[in-house]
Amino acid sequence: MDDDLTLWKNIQNGDTRALKVLHDRYYYQLYLYAKKIYHKQNGLDEAVADCFIKLWTNRNEIVIDRSIKSYLFVILRNGLFDLNRKRNGIILLEVNAVPEIPDTETQNELDHYARLYDALEKLPEQRRRILELAVFESCSYAQIAEKLDISVNTVKTQMGRAYRFLREELDPRSINLLFMIQSKFSLN
Amino acid sequence: MTDNFDSKWEIIAAKIHGELSSDEEAIFDQMMTDEANLYGFEKTQIIHQNLEKTGPIAANGKVKSWDRTENGIRTYQFRWVKTVLKYAAIIVVAFIAGNQLRPSAPPEKEIRYSEITVPFGQMSQLKLSDGTKVWLNSGTTLRYPEHFASNQRYVTVIGEAYFEVAKMANKPFTVNTADMKVEVLGTSFNVLAYTEDVASSVTLVEGKVVVRNKEGEAIAKLNPGQIATKKQTESNIEIRNVKTAFYAAWIDGKIYFDDEPLDQIAVKLERWFNVDIVFANEQLKSYRFTGTILKNKPVDQIMQALELLSPISFKHQVNATGRDKITIYRRS
């Protein structure tokens, strides 16, 4: 796996694949950060994609002095302010209240949630769908079975496998960290 | 209590989602007497809680976001081309050319000529009225008629241009440069004739061309894959076989070197890619290289291309704190 610095060099040399690697590496962290400071779902996807477009467009002018990751957070934050300005009336945190980039603690949180999403993404399509219906839409197993036209038994098996996979995918250390931070960080 | 791993996870998941039957509740309680199971259950519960907190990310959010990014980049590149075209359009100047522009053409009705000059650092592409495609490199001027005469097609190039000439029997296409004329039928070729360069050249990719001197005498006939180079101070012309892809490559945003020593090429690469290049073998510095550098590609790809074309090998040391170092060795 290329480190960020190598990716950045390749991006500067016009390598779009490097941009994709960087995008996939930080998408969830940026998305979750945007969600945390913006409080609205609408336009978040655009805001995140815009970061990478800006990075690409200005790749010859940008000087990275801290890290490419911090730089992405700065672009994102500024992009969200612009978005807010364009859509008057949407409540965003006070400009001064939002740090230029998330502090280390927040970044670690984002990092761990991002890993959770990355794990979620690796689930087979149907298994993920079943889990999402159960977790995010509070559907009962019977409702899920009806919705997806499968047996309740299948739902049961798939749910077990989904949790087993997530549990195995996130190493014990990271689960402990998730446990430690869960009281400090709420996305809703 | 079950030993089956799958059913154990089914029970844990069902417990979390309140889907256990009373029989299963009993199994669950039994399971939890085992400390390892209890630990696993607690951790899984945390995963569930965290999932609930984060909320759903639209399915394939990452994929969609990348699609959007990719489109954004494309739009940007498209805008860039549009800007160049707009710019190019401003400096297209239509004028009436005098006879001196077509010295060997029979006098005809006045032909309206256009002239296009591409700014340095940019490239341009255009299609002439006969369907011929022309790519113009940085700083190149092309003079061409808005409509071609009935029996001749004439254009003039100062700088570098790549032509894909539309085939037309009995209507030869001629490119004039300061020092020579290239007469073709249907063909693709590259003309290099910057006024400040001491030599001009024409590289034939496919088809047939005849190279003439200023006076119109045929001095060379080229086959595909040949380059004809003429020094301004000399009347004879030198013909060599080359890999034409390298000479025409700039139309894709590449830059080629013609018989340039490796140490000079290294200096340019160092500048473009922010690397240090050192030679393990002094003799290699004077190895002359002819070929194309892909300016928008990673430096390793360029070094690999150099490896293919010259007797070198290289080693790339990534340096996290400063410039990467590339060492060039003689290939054994």
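Residues in segment B:260-289 that are touching a Lys or Arg at 6+ places or on another chain (Cβ under 9 Å) and at pLDDT below 75 were compared, and the one that is surrounded by the most Cβ atoms within 10 Å (Cβ to Cβ) is B:Phe273. Of all the residues in segment B:118-136, those that are buried (at least 21 other Cβ atoms within 10 Å of the Cβ) and modelled with pLDDT under 80 number 2. Taking every residue in segment B:212-239 that is more than 15 Å from B:Asn176 (Cα to Cα) and pairing it with any residue that is among the acidic types (Asp, Glu) and outside any loop (DSSP other than H, G, I, E, B), at least 6 positions away or on another chain, the pairs with Cβ-Cβ distances below 8 Å are B:Pro224/B:Glu206. Residues in segment A:1-18 that are crowded, with 18+ Cβ neighbours inside 10 Å, part of a helix (DSSP H, G or I) and facing chain B (nearest Cβ under 7 Å): A:Asn10 alone.
Checking the stated criteria, B:Asp29 turns out to be modelled with pLDDT of 80 or more, out of contact with any Lys or Arg (no Cβ under 8 Å at 6 or more places or on another chain), charged (D, E, K, R) and farther than 30 Å from A:His112 by Cβ. Contact map, segment B:6-30: first residue more than 13 Å from every other protein chain (Cβ to nearest Cβ) and farther than 11 Å from A:Met159 by Cα, second residue surrounded by fewer than 19 Cβ atoms within 10 Å (Cβ to Cβ) and modelled with pLDDT under 90, Cβ cut-off under 6 Å, separation 6 or more or different chains; pairs are B:Gln30/B:Met1.
Look through segment B:121-139, keep the residues that are among the aliphatic types (A, V, I, L, M) and assigned to a loop (DSSP other than H, G, I, E, B), and return whichever of them is farthest from B:Lys208 (Cα to Cα). Before you say what the answer is, go through the steps one by one.
Going through segment B:121-139, the residues among the aliphatic types (A, V, I, L, M) turn out to be B:123, B:126, B:128, B:134, B:136.
Add one more test, that the residue is assigned to a loop (DSSP other than H, G, I, E, B), and what stays is B:123, B:128.
Working: B:Met123: 26, B:Leu128: 20 Å.
The residue in question is B:Met123.
Entry remark, segment B:234-250: residues being surrounded by fewer than 13 Cβ atoms within 10 Å (Cβ to Cβ) and either among the acidic types (Asp, Glu) or at pLDDT below 65 (or both) number 1 in total. Put simply, of A:Ile64, A:Ile91 the only residue that is surrounded by fewer than 19 Cβ atoms within 10 Å (Cβ to Cβ), modelled with pLDDT under 85 and within 13 Å of another protein chain (Cβ to nearest Cβ) is A:Ile64. For segment B:141-168, name all the residues that are within 15 Å of B:Val202 (Cβ to Cβ) and without any contact (Cβ under 8 Å) to a residue 24 or more places away in the chain. Within segment B:141-168, none qualify. Filtered by the rule that a residue be in contact (Cβ under 8 Å) with a residue 12 or more places away in the chain, within 12 Å of chain B (Cβ to nearest Cβ) and not in a helix (DSSP H, G or I), segment A:40-61 gives A:Gly43, A:Arg59, A:Asn60. From the residues in segment A:1-46 that are modelled with pLDDT under 85 and of a type in the set (Gly, Ala, Ser), which one is farthest from the chain's Cα centre (by Cα)? This residue is A:Gly14.
The values are calculated or read from the model by the stated rules, or taken from the named source; none is laboratory data. If you're wondering where the values come from, they're calculated on a predicted model, not measured in any experiment. Backbone-built Cβ (ideal geometry, glycine too); neighbour counts: all protein chains shown.
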